[in-house]
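What follows is a set of notes on a single structure, which appears directly below.
Rule-based calculations on the coordinates, nothing more; no lab input. Predicted model, so just to flag it, every value in this text is computed and none were measured. So basically every Cβ, Gly included, is an ideal-geometry build from the backbone, and we count neighbours across all protein chains shown.
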Amino acid sequence: MIKEAISKLLQREISDPRLDFVTVTGVEATPDLRQAHIYVTFLGDSKDLDESLGALRKAAGYLRRQLGQTVYLRYVPELNFHLDRSVEQGLRIDRILQDLEDSREQSEE
């Protein structure tokens, strides 16, 4: 529920150009719902990633306030944004596996 609400808020409410290509990939909330760890990905290079993540962290207070107005929760959690690197890791694993396959094919020839 938090993931969907934050995603919609980022699309509709935030007009910062650094956050145009942000995707919420996951949310982990503490059992008491006092904190939510939100994992995001961005399109862009590593320099842009740091800048975009900083902009997102600055907007956390606003997003938390808006979240409290759109979703009924006993407590509105503190929002902690983290860069999700699982896509990068998956691509790296795919490259390694492809390199192994290529080297195996070359050794069979």
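A compact table of results
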quantity	calculated
Per-residue HN-Hα couplings for segment 44-57 [Karplus 6.51, -1.76, 1.60; θ = phi - 60°; Hz; x = Gly/Pro]	x, 8, 4, 5, 5, 4, 4, 5, 5, 5, x, 5, 5, 5
For E78, distant residues with modelled amide H under 5 Å away	Q35, A36
Student exercise, the chain dipole from Lys, Arg, Asp, Glu Cβ charges, in Debye to nearest 20	1100
Per-residue ³J(HN,Hα) for segment 9-26, Karplus 6.51 cos²θ - 1.76 cosθ + 1.60, θ = phi - 60°, Hz, x for Gly and Pro	4, 5, 6, 9, 9, 9, 10, 6, x, 5, 10, 5, 10, 9, 10, 7, 9, x
Mean-position separation - Cα centroids, segment 2-38 and segment 53-89, in angstrom	5
Farthest positive-ward along the chain dipole, Cα basis, beta-carbon charges - from V76, A29, S103	V76
Listed values [x] 7.3; [y] 6.9; [z] 8.8, entry calculated as mean projected area of the Cα convex hull in nm²	[z]
The chain, helix-only ellipticity at 222 nm - DSSP H runs n ≥ 4, -39,500 (n - 2.57), divided by all residues, nearest 500	-17500 deg cm²/dmol
Surrounding net charge for E108, when Lys and Arg each add one and Asp and Glu each subtract one, Cβ distance under 13 Å	-3
